[in-house]
Structures are given as structure tokens and as C-alpha cells.
Amino acid sequence: MFRMRTVFVALAAVAAMGLVGCSKARGPADVDGARIQAADKEPGNWMSNGRTYDEQRFSPLTKINDTNAGQLGLAWSYDLDTNRGQEATPIVVDGVMYVSTAWSKVKAFDAATGALLWAYDPQVPGEWGWKACCDVVNRGVAVWKGRVYVGTIDGRLVALDAKTGKPVFDVSTIDKTKSMSITGAPRIIKGLVLIGMAGGEYGVRGFISAYDAQTGALKWRFYTVPGDPSKPFENKAMEMAAKTWRGEWWKWGGGGTVWDAIVYDPALDLIYFGTDNGDPWNKKLRSPGVSDDLFLTSILAVKADTGEYVWHFQVNPGDEWDYSAVQPMILADISIGGAPRKVLMQAPKNGFFYVLDRTNGKLISAKAITPMNWATGIDANGRPIENPQSRYTLTGKPFWGTPGPAGAHAWNPMAFSPKTGLVYIPVQETIFPYVPFKDFEKKPMGFNIGVDLAGDAGAPDIKAIGTAGNKGYLLAWNPATQTQAWRVDLPGPANGGVLATAGNLVVQGDVIGNFAAYRADSGAKLWSMPVQGAVMAAPVTYEVKGDQYIAVLSGFGGATGLSAPDNGMGIRNVSRVLVFKLGGAAKLSERPVVAKTLAPPPLTATPQDIAAGSELYGRYCAVCHAAGAASTGIVPDLRYSDALKDDSFFDIVLGGALKANGMASWSAVLDKPHAELIRGYLISRAHDRQAELAKAAK
């Protein structure tokens, strides 16, 4: 029995087969490496995550351009069946769109009309949601020789028949006893499906794997941090890396997960990928003393056929700020100082923009793209020149760091235009209090980061930190000169990924639900449309029967959407597939309104109990339900919960009554007295909210 549901729309499916002339000679999703390498000969398709292997997210299409972008309108939309974060890049091949959504679901559409061809649900257990640190998101599928491949939140790699949506194989890629998940999009090269995993805050050891696209058999695996040194190392790279660690890191897991960027250079036959933070963040716990802890927060190159180590570049030696290097990477051949260079470009979380020689991993240049206070620059060896106060585990004092763990640039894809020579980056300025935990104890559930999310860091001196607070902007950056070309300020952080086109366009959505097109050479806004919900994902563009379309997913969520408190910007979730074209006249369905009633029970907890409940909430609950319990609405705002009134609260928190909805039982780490402390804290926050509303009504 297949764990899925398949919907057939017969007429739409027949029509889709004839949408593009060249598709008559091919079956659905008939894509291979040669076709991806020759993608510019088929500019109407978007056959891989970044369109081409170099992941520039640049389209040669020009029918929508800087002279007519103002005529864009909605061509069609599709309301999704989950309101969690939507981060996927659509894939479009021969008139059919394949897209993944939250909870690792996959859908196929007629790309011109929006008719649903089939839908697949991997039936991920709801309680697995707590094992995914940053929402149950999925960043896309891959297609190869008539199949569609998706990684699931519960760690499976699933191959689907591209015509029917029926599973061909379903293999587990992780240790199911660990808190691992898959959120990234697979990449396929030379018949190998490349997939990483997430879980860097939950006590795991990172790796990237390659599976046979035909059979699902594991072909190779590269671990990113060393395991127990008393046992044989998997390869010489792990033996080398182990010399850069201290203590008993393997008992914690180590971290270094590979949850997003994977890029391939066919000419060099090298795979490049980035690695995540250490686990825990707190270096005093993970690897005490001064050490680099390879290959955390690094960019690595390995041989495509075997996964053999070739080179690495570490952006943050001995990281303890969650400054991961998993962010999207772009390959390009550009002129620097009058000489052609084969480069790899990345803007990781730490606030610098890196240009590396991708043949050998040597640093060409690095420059800050945003204000920061943790470092003052990069030295001649490519190492950050750190502010000593940033090492909060050495000083023992809280450090208000900028960027914070949300990063100066998160997972949201950037784009590069060969026509302008500019990289377009969704940048954000964030601050965060790094407070080392006192008497930290590793737990089987919840974050094991060694940082006290509820600790007292004191009020920050914003001027001293060097930023006016949380903000976001679209930055056009010249990688050859490491200078800003232009910048467009946006309403806040957590804005969408970017598309660049030969029509002199840059397209991006923002956190408050606007979708806009700008001139690629100057940043002048040409068009904007409100789309009712935040846009975090990156757009794509494609062509069907002579019409050019631009497609994107809307829907707030992810790490920022879950953990950041409601800031009043109205970024409630409306999850959709949105497709635009010139002269489009379709209308969005009416935005749903969710009514909430605030009627908290009497506040009986003492101030001491409320403080204790706040600490427990910060450790176990805030990552999903937001700081201060002020959820943005992706998951329930607990201040409004009816369960606060009676023992049903314990049925949920300890008994797992809502595990099918993603709320697992926390009985492994909480007993009833501790749960009561959390309930008391939530009741106090509900009364605080009641007072806020009463004051606002006056």
C-alpha cells in the first residue's frame, strides 16, 4: 500500500503533454546531466534547483523585462493544504511544474493553467516535527530521467514516477534514533542523488550522502566532523579533522550538518557543499579551549564519483555563534584584477561575502556586507579577526552579537547576473544575546545548544553594537570589487530569495507579503503586488507556448517565522503557489481571517514560579512558539490556548494528545510539576497580552 494520495486530472494531464513542442519526443521530467549542462539552449525550462549546475539563478528569458514589468499580473494560484513555512524552488520541465511544500509533500501542475496533475503525501508522522529545528519546511525537488526526488522531514529519500506521482523507491537516509531531518533539495549529478541532513542543534554528526538514482542504493557518504577517535576513522580527512578538536566532542554529536547548499562543477568534476554550526554552539561544552573544530562552518570540495576530500575553507574556526556556511553558493567565471578566475561565491551567516578560487579553495577576497560587532575583518590567511568579547564562553559574560544566529544571510537564495556582473543578496541585520548556560545538562529532547535562550543578557547598547536593530534589504554586490552597487531597504528581516533575468530584472518577495520586480542595473522598483502572505522562497521563470511566467511560493515559517515573536507587521500565513505573467488578470481568493479569543484563567503562580517557567519555556518551547509566547501564527499562540484552563494542558504537553499535529509528548524531559511551571508562565503572558490589548483600546 502506497503512503500517498494521487489525484489525476485527465484532461489537464493530456494537455500538459503537448504544451511544448520538444516535449512530444520526451516523457515527463526526462532530464539528465547533459540537458542540465545545456540549459541555456532551453531557457523556457527550469530543470534544477538553481536552473543550472552553477546555481546562478539567472534566466536568459527576456519577454518580461524592464520596459514591460509593470504589466505583470496574476496568471494563476493554488492554495496549499498546509500553513507551515514554504521555502521550495519550483522545477519546471516541458510545461509541467513540480513543487514540494511543507511536510515534504509534492505536487505536479500544468505550468500554464495551474491544473493539478497529481499530489503525493509521504505521511510524515506529525511528532517528527519537533526534530526539525526550523519548521517542517522543504526547499524543493530534483528531477531525473522520468522521476521526481524529494527528501522528507523524517529523513527518507523518495523517488516518484513523474507521470503519476507514485513512489518508485523510499529509502531511509538517517539514524532514526537521532533527531535528524531533511529540509534541503536533492541535487542529481552523474546518476547520483546528493542529499544532506539537518539536526545540528540536537546532538548529531553531520554528513552528506550520494544514492543511486535508479535503485536508491547508498554509493558514498562523507562525514563532516570526526567521530570517536578510539575507533577507526572513515578516511584521512576525518583523521586530519580530529586533530583540530578537543575534549569528547563525539559524545555530543559534533554538528556540521549539510542541510542546504550543494553545487556541482562538471568541468572540474567537483561537488561543493557547506556545513553547519557545531553541536552544541557552546564551545566550552563541545570542544573546550582554542581549536578550529573541522569541518564545522566550512565549504568543502569532494570528488563527485567517490566523495573523496579535495579541499576545504573554514569561514569560522571554532564557531560558537551558529555562523553556518550552509547558505547558497554560486559558481561563476569572472574577471578579477584583469584576470579570469573560476570562483565560488557565498554570503554565509557571519556577514562577510567570500570569493574563493573553486579549483583549490584559496581565498581571493572577503568583505563585510552588513554591520557586525563580532569581528573587524578577515586576515591574510582567511581567518576572522575576532572581537575578544564575542567569545562568550571564554569571558563567561553575555554577548549581544550581530549578526545573530539568524545570520546576515540565511538560506534564502541569492542570484548572479552575468550581464550586470552583480550578485543580488537578501541581507538582514539581526542581534542576539549569547548567554552561556550555567550547569547545562544534555537532554534527549529540545535544543542542546548550551546557550540560555531565556537568560538575562541585560539591555543592549544598540549604538555600541553597530546596528539600529532588525532590518532587511536587497543588496546588489559587485564580487570583483567587493563593493555595493545598490540597495533597496525592505520592511524587516526574513525576506525572500532572488531571481535575476536577462530582461534586466531582479525579482523578490518580502516578509510582509509584497512581490516585486526591480531593475537589475539600478534597483529601481518597476512593479509590486501584495500577495497576502510573506514570501520567503525564491522565484523562477519559465516559458510555455510563447508566454513567459514567474512563479514563487508564499507562506511564512522557518526558523524566523517560528521563533521570532509577533512584531505587528501582519505576516500571518497564507500558503500558495503564485504564478504571474504579462497581462495576468486572475484574482487571489479572499484572505482567511482567524478569530482568536483571549480569556486566560486566573493567575496564581508566584513570581518565582513564573521565572522558572520562563526558563523552561525558553529551552523547550520558544524555538517553535516564539520568544515570550507571542507566536506569529504559524503554530498556535499559546497565550490564547483553551488548554491553559484545565488538565488538558498536561494531556497535550506530556501525553502527546496533539502529536499528529506536530506537538510531540515532552514527557522524556518534563514531569508534571515542570509542565505546571510552564503553564503558569503562559498564563502570566496571557494576562500581559490582555493588558496590552486593553491599553491599545483606550
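The values are calculated or read from the model by the stated rules, or taken from the named source; none is laboratory data. Treat the numbers as computed from the prediction; the structure is a model and nothing was measured. Virtual Cβ from ideal backbone geometry, glycine too; neighbours counted across all protein chains shown.
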Original post:
Looking at region 650-673, which of its residues are surrounded by fewer than 17 Cβ atoms within 10 Å (Cβ to Cβ) and either β-branched (V, I, T) or over 26 Å from W103 (Cβ atoms) (or both)?
Top reply: V669, D671, K672, P673
Original post:
Pick from region 174-226 the residues that are of a type in the set (S, T, Y) and over 15 Å from K303 (Cα atoms): which of them is surrounded by the most Cβ atoms within 10 Å (Cβ to Cβ)?
Top reply: S181
**OP:** Could you tell me whether any residue of region 122-134 is in a strand (DSSP E or B) and not β-branched (V, I, T)?
**Re:** no
Original post:
Would region 585-594 turn up any residue that is closer than 21 Å to K645 by Cβ and not assigned by TED's automatic domain parsing to the domain that holds G129?
Top reply: yes
Original post:
So, in region 26-60, of the ones that are more than 25 Å from the chain's Cα centre (by Cα) and in a helix (DSSP H, G or I), which residue ends up surrounded by the most Cβ atoms within 10 Å (Cβ to Cβ)?
Top reply: A39
Original post:
Take the residues of region 422-437 that are not in a loop (DSSP other than H, G, I, E, B) and not aliphatic (A, V, I, L, M): which is modelled with the lowest pLDDT?
Top reply: P436
Original post:
Can you name every residue in region 331-370 that is part of a loop (DSSP other than H, G, I, E, B) and of a type in the set (A, V, I, L, M, F, W, C)?
Top reply: A347, I369
Original post:
Going through region 532-547 one residue at a time, which ones are surrounded by fewer than 22 Cβ atoms within 10 Å (Cβ to Cβ) and at negative phi?
Top reply: D547
Original post:
Does K419 meet the test of being over 22 Å from the mean Cα position of the chain (by Cα), among the basic types (K, R) and not in a strand (DSSP E or B)?
Top reply: yes
**OP:** Mind listing just one residue for me: the one in region 154-163 that is in a loop (DSSP other than H, G, I, E, B) and over 30 Å from T560 (Cα atoms) and, of those, nearest to the chain's Cα centre (by Cα)?
**Re:** A162
Subject >> Test: residue in region 480-487 that is touching a helix residue (DSSP H, G or I) at 6+ places or on another chain (Cβ under 9 Å), surrounded by 18 or more Cβ atoms within 10 Å (Cβ to Cβ) and at pLDDT 95 or above >> reply: no
Original post:
For region 37-85, how many residues are farther than 25 Å from G146 by Cα and of a type in the set (S, T, N, Q)?
Top reply: 8
**OP:** Select, from V124, V171, the only residue that is farther than 24 Å from G633 by Cβ and surrounded by fewer than 24 Cβ atoms within 10 Å (Cβ to Cβ).
**Re:** V171
Original post:
Since F440 meets every condition but one in (1) in a loop (DSSP other than H, G, I, E, B); (2) of a type in the set (F, W, Y); (3) at pLDDT 95 or above, which condition does it not meet?
Top reply: (3)
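Results for (1) surrounded by fewer than 23 Cβ atoms within 10 Å (Cβ to Cβ); (2) farther than 30 Å from Y53 by Cα; (3) within 23 Å of the chain's Cα centre (by Cα), shown as yes or no for each residue.
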position	(1), (2), (3)
W249	no, yes, no
G256	no, no, yes
L270	yes, no, no
D276	no, no, yes
K303	yes, no, no
H312	yes, no, yes
I330	no, no, yes
**OP:** Could you grab me the full set of residues in region 514-548 that are without any contact (Cβ under 8 Å) to a residue 24 or more places away in the chain and over 24 Å from N45 (Cα atoms)?
**Re:** N514, A524, S528, P530
Subject >> Per-region count, region 377-397, residues more than 27 Å from the chain's Cα centre (by Cα) and of a type outside the set (A, V, I, L, M, F, W, C) >> reply: 9
**OP:** Look at region 246-274 and say how many of its residues are more than 16 Å from G203 (Cβ to Cβ) and in contact (Cβ under 8 Å) with a residue 24 or more places away in the chain.
**Re:** 16
Subject >> Among the residues listed as L157, L117, the single one being in the same structural domain as G256 (by TED's automatic domain parsing), buried (at least 22 other Cβ atoms within 10 Å of the Cβ) and more than 26 Å from Q37 (Cβ to Cβ) >> reply: L117
**OP:** Return the total of residues in region 390-424 being of a type in the set (V, I, T) and within 23 Å of G472 (Cβ to Cβ).
**Re:** 3
Original post:
Within region 104-121, how many residues are in a strand (DSSP E or B) and touching a Gly at 6+ places or on another chain (Cβ under 9 Å)?
Top reply: 8
Original post:
Based on what the data block shows, is A476 part of a loop (DSSP other than H, G, I, E, B) and either modelled with pLDDT under 80 or closer than 30 Å to V498 by Cβ (or both)?
Top reply: no
Original post:
Just for strands (runs of 3 or more DSSP E) wholly inside region 61-103: which have at least 1 residues that are within 25 Å of C624 (Cβ to Cβ)?
Top reply: 72-79, 96-100
Subject >> Hits in region 266-290 (condition: farther than 30 Å from D333 by Cα and assigned to a loop (DSSP other than H, G, I, E, B)) >> reply: P280, W281, N282, S287, P288, G289, V290
Original post:
Are any residues in region 135-153 assigned to a loop (DSSP other than H, G, I, E, B) and surrounded by 24 or more Cβ atoms within 10 Å (Cβ to Cβ), and if so, which ones?
Top reply: D135, V136, V137, N138, R139, G140, V141, T152, I153
